Each structure stands twice: as C-alpha cells, then as structure tokens.
Amino acid sequence: MDIQIFIDLQDRLDQETTLYEQIKEAVKELHKTCRLASANLSKAHSVPQSQTIEVVDSAKPQFAQMKQKISELSKLIEPVTFYRYHDMWSNAFQTACSLAVFATYLSENRLATPEDIEKILGQKVNVDNGQITEFVITVEEYLHGIISLFSELSRLAVNSVIVNDIKRPQDISTFASELYSGFQLLNLKNDALRRRFDSIKYDIKKIEEVQYDLRVRGLLA
C-alpha cells in the first residue's frame, strides 16, 4: 500500500487547520476594533445633536482599522471557499455594518447605502445575491446592520430629551417610520432577519411614546 496518500491528506488537513486559525485570529481582532468603535459612537447618546459630528470623528480611526482588518481577512479566502468559512466572520460583519450605518446616520441624518458601506469598510455589498466571485459583504449582513439602527434610534430619542434636545425625537420618528415602511417592502426569507424585523415595532413604539410624552407636556406643537 502506498502511504503517500495519507501523508498528502495530512498536509491538506494541516493547511486547513492553519487557515482556520488565521481566520479565527483575524475575526477576533475585528471584533475588538468593533467594540472600540461602538464605545466611541455610544457617546452620541449623551450629547446634543450639534456635537454628534465630533463623536463620529472620534470613531474614524477604528473604522480605518476595520477596513484594514477586513482587507487582511479577504486575502485569506478564495471565492470558492467563501461560504465554507462564512459563518466564522458573519457576526463580526453584521456588527461592522451596524456601526457604519449608525455613524452615517449620526453624521448625515440618512441611511447608509451599499456604496457607503463599501467606502467605509472596503468591500462591496453583494446586493444582487449572485454567485460569489470575490470577497464581499452579503446583503443579509447589510440588512442586519440596518435593523440594528432601529434600537439605536429608540435610545437616541429617549436620550435626546435627557440632554434637552427636544426637537430631535420628531426627526428620529420621521426617519424611523420611513425606514420601517421601506423594510416592509422586502420579502425576507432569512429566518434570523425575519425575527429581528418583527422586533422593530417595539423600537418604533418606544420612539412614538417619547413624542407622545413631549406633546402631553406641551413641549411639542
């Protein structure tokens, strides 16, 4: 019997183990950077709208690091093996997308487009859900990032009142309602996305309650 076949198989297994560990380490570093960015962006909940640009600027070094770390990760993955390892980094990419979406809203009061995500994180969003021919951010990861924005908006509505930014909840409510209407046009087949979408209504309700309280107290026309 030629035992070379087993030697070759072991070599391939060793290569796969090495790749697995490299991906694991890259994702770990990306998560760490995301946590730092989140800590900086969370300061937006304790300042008036006039100071949010400074908050976003404070997170720019982390976004630059995210872009670099995602690029490093992409070099480890061949298109043919993309979905084989995808679950290893998908959660981190959802977090990165949510941070990019939140930062865009804070700085420009609008929804981040797939093109914005590519500019911030350095990888295209696979909006057509087509065959993988290059390393991409999936459309599901982008949508998860948008859904996460609703919880940030509900917090922002409450905390805006605390910092005496009384008019901001109205702007937040209008934006959130329009965004929710847009989401309702989607036929979500992904179970995780559907479950998270169902929770949006609670964030919308919280924003509406803030507005109601302000009107009852005569602080809004």
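The values are calculated or read from the model by the stated rules, or taken from the named source; none is laboratory data. Here the structure is a predicted model, which is why all the values come from computation and not from measurement. Neighbour counts run over all protein chains shown; Cβ positions are idealised from the backbone, glycine included. Ligands, DNA and RNA are excluded from the accessible area calculation, which covers all protein heavy atoms including side chains. Shrake-Rupley method; radii C 1.70, N 1.55, O 1.52, S 1.80 Å.
Going through segment 164-176 one residue at a time, which ones are in a helix (DSSP H, G or I) and not aliphatic (A, V, I, L, M)? Those that are in a helix (DSSP H, G or I) and not aliphatic (A, V, I, L, M): Arg168, Pro169, Gln170, Asp171, Ser173, Thr174, Phe175.
From the list Leu179, Leu193, Leu149, Leu153, which residue is part of a helix (DSSP H, G or I), on the phi < 0 side of the Ramachandran plot, crowded, with 17+ Cβ neighbours inside 10 Å and modelled with pLDDT under 90? From the options Leu179, Leu193, Leu149, Leu153, the qualifying one is Leu193. The condition of being crowded, with 20+ Cβ neighbours inside 10 Å and aliphatic (A, V, I, L, M) holds for only one of Leu36, Leu73, that being Leu73. Take Glu118 and tell me if it is surrounded by fewer than 13 Cβ atoms within 10 Å (Cβ to Cβ) and modelled with pLDDT of 95 or more. Taking the combined requirement at face value, the residue does not satisfy it.
Could you list, in sequence order, all residues of segment 80-91 that are closer than 16 Å to Ile132 by Cβ and in a helix (DSSP H, G or I)? The answer is Val80, Thr81, Phe82, Tyr83, Arg84, Tyr85, His86, Asp87, Met88, Ser90. Would you say Leu41 is at pLDDT 95 or above and in contact with a Phe, Trp or Tyr (Cβ under 8 Å, 6 or more places away or on another chain)? Yes; evaluated as a whole, the condition is true for this residue. If you filter segment 126-146 down to residues that are within 12 Å of the chain's Cα centre (by Cα) and β-branched (Val, Ile, Thr), you find that the one that is most open to solvent (accessible area, probe 1.4 Å) is Val139.
I need the full set of residues from segment 133-145 which are among the β-branched types (Val, Ile, Thr), touching a residue at least 40 places away in the same chain (Cβ under 8 Å) and closer than 18 Å to Lys189 by Cβ, in order please. Hit for segment 133-145 is Thr138, nothing else. Residue count for segment 34-79, restricted to those that are part of a helix (DSSP H, G or I) and either without any contact (Cβ under 8 Å) to a residue 12 or more places away in the chain or under 14 Å from Gln123 (Cα atoms) (or both): 22. Summed over segment 200-221, residues that are open to solvent by less than 100 Å² (accessible area, probe 1.4 Å) and of a type in the set (Gly, Ala, Ser) total 1. Of all the residues in segment 76-115, those that are within 26 Å of Glu54 (Cβ to Cβ), out of contact with any Gly (no Cβ under 9 Å at 6 or more places or on another chain) and open to solvent by less than 20 Å² (accessible area, probe 1.4 Å) number 4.
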